[in-house]
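Novice: Take a look at the following structure, please.
The values are calculated or read from the model by the stated rules, or taken from the named source; none is laboratory data. Here the structure is a predicted model, which is why all the values come from computation and not from measurement. Glycine gets a Cβ as well: all are built from the backbone with ideal geometry, and neighbour counts include every protein chain shown.
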Amino acid sequence: MISLGEKIGRAAFPDMLIALSGDLGAGKTTLAKGIGAGLGVTDIINSPTFTILKIYQGRLPLYHFDVYRLDEASGDDYLEEYFYAGGVSVIEWADNIDYLLPDDFLRIDIAITGVTSRQVTIVAGSSLYKNFVERALS
């Protein structure tokens with residue numbers, strides 16, 4: 001997960017949005033750590049579960065969200081402003097705020113297939129993200 005994240009982080013672009021989904025322990029935070037490393041973040045990256053958002057400085061800002069506890073009634077619509085703040089938004093449990101997500105983003109689903117194995121599915125909905133996946137992960 002770290003290696004995949006590093007590839008994504010090295011090729012990331014301003015206003016990139018990465019929506020992560022997967023069960024507890026699937027590797028969402030580990031992937032976010034790799035993305036941060038690829039962006040050149042030197043701080044320790046951990047899950048922002050209780051703060052919802054942590055911001056890290058690298059080549060581009062990393063906006064690391066954990067929206068596990070959010071839904072439409074939670075009143076956290078202000079989070080959307082970070083999607084267009086020139087950084088890379090990585091959102092754990094992104095399905096919980098699908099009503100805030102723009103039409104265009106990179107979706108990464110992580111499924112646990114064994115104690116140390118995962119199946120990663122990457123869905124790029126537009127040519128921008130399809131080109132990104134081809135460039136960054138080939």
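Novice: For segment 56-111, how many residues meet the condition of being in contact with a helix residue (DSSP H, G or I) (Cβ under 8 Å, 6 or more places away or on another chain), closer than 16 Å to A37 by Cα and either modelled with pLDDT under 95 or not basic (K, R) (or both)?
Specialist: 9
Novice: Determine whether segment 33-51 contains at least one residue that is part of a strand (DSSP E or B), in contact (Cβ under 8 Å) with a residue 24 or more places away in the chain and either out of contact with any Ser or Thr (no Cβ under 6 Å at 6 or more places or on another chain) or surrounded by 18 or more Cβ atoms within 10 Å (Cβ to Cβ) (or both).
Specialist: Kept after step one, since they are part of a strand (DSSP E or B), are these residues of segment 33-51: none.
No, segment 33-51 contains no residue that is part of a strand (DSSP E or B), in contact (Cβ under 8 Å) with a residue 24 or more places away in the chain and either out of contact with any Ser or Thr (no Cβ under 6 Å at 6 or more places or on another chain) or surrounded by 18 or more Cβ atoms within 10 Å (Cβ to Cβ) (or both).
Residue-wise test of (1) assigned to a strand (DSSP E or B); (2) crowded, with 19+ Cβ neighbours inside 10 Å.
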residue: V90; (1), (2): yes, yes
residue: I108; (1), (2): yes, yes
residue: T116; (1), (2): no, no
residue: Y129; (1), (2): no, yes
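Novice: List the number of the failed condition for H64; all other conditions in (1) touching a strand residue (DSSP E or B) at 6+ places or on another chain (Cβ under 6 Å); (2) not in a strand (DSSP E or B) hold.
Specialist: Status for H64: all satisfied but (2).
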